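All of the numbers you see were taken from the coordinates with simple rules; none came from a lab. In this text the structure is predicted, and so the values were computed from the model without any measurement. Every residue, glycine as well, gets a Cβ built from its backbone with ideal geometry; the counts of neighbours run over all protein chains shown.
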Amino acid sequence: VRLAESGGGLVSAGDSLRLSCAASGFVFSDYAMGWFRQAPGKGREFVATINSNGERLAYADSVKGRFAISRDNANNMVYLQMNTLKPEDTAIYYCASRPSVVMAVEVSAYDYWGQGTQVTVSS
């Protein structure tokens with residue numbers, strides 16, 4: 001199993017970024033996927049999740065209305081569109097796979113993780 005995030009970077013407050021996660025080594029369409037983040041000195045926190053067929057989504061309150069998760073099962077990709085970025089969004093962002101068609105918000109519900117991509121938002 002491999003999950004590889006990309007698309008992070010240094011942006012200004014109010015800017016947008018689109019993170020991508022390329023998945024391989026498992027039947028992608030059978031797995032729910034999630035995005036999590038970890039800021040310096042803090043624990044890993046839930047950002048967004050999507051069920052296996054992409055019809056059900058959930059977001060953390062802190063990103064609701066600004067971020068959008070999506071997936072492309074034909075190409076084994078999951079995305080996180082981040083708009084109106086704030087300095088408090090600065091963190092390493094991870095994608096993760098869950099061995100279930102049902103989405104989840106708990107870190108413990110996910111079994112494989114990518115290496116992460118850094119997002120830094122300057123004020």
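List of remarks:
- Computed packing ranks the peptides 16-22, 61-67 as 16-22, 61-67, most packed first, by mean other Cβ atoms within 10 Å.
- For segment 47-55, putting each phi into the Karplus relation 6.51 cos²θ - 1.76 cosθ + 1.60 with θ = phi - 60° gives couplings of 10, 7, 9, 9, 7, 5, 9, x, 8 Hz, in residue order, rounded to whole numbers and with x for Gly and Pro.
- Here the Karplus relation 6.51 cos²θ - 1.76 cosθ + 1.60, evaluated at θ = phi - 60°, turns the backbone of segment 13-20 into coupling constants of 4, x, 6, 10, 9, 10, 8, 10 Hz, with x for every Gly and Pro.
- Based on Cα contacts under 8 Å between residues 6+ apart, the chain shows a relative contact order of 37 percent.
- Packing order of peptides 6-13, 29-36, 103-110, 77-84, highest average first: 29-36, 77-84, 103-110, 6-13 (average count of other Cβ atoms within 10 Å over each peptide's residues).
- Cα coordinate range in segment 10-123, projected on the principal axes (Å, largest first): 40, 26, 24
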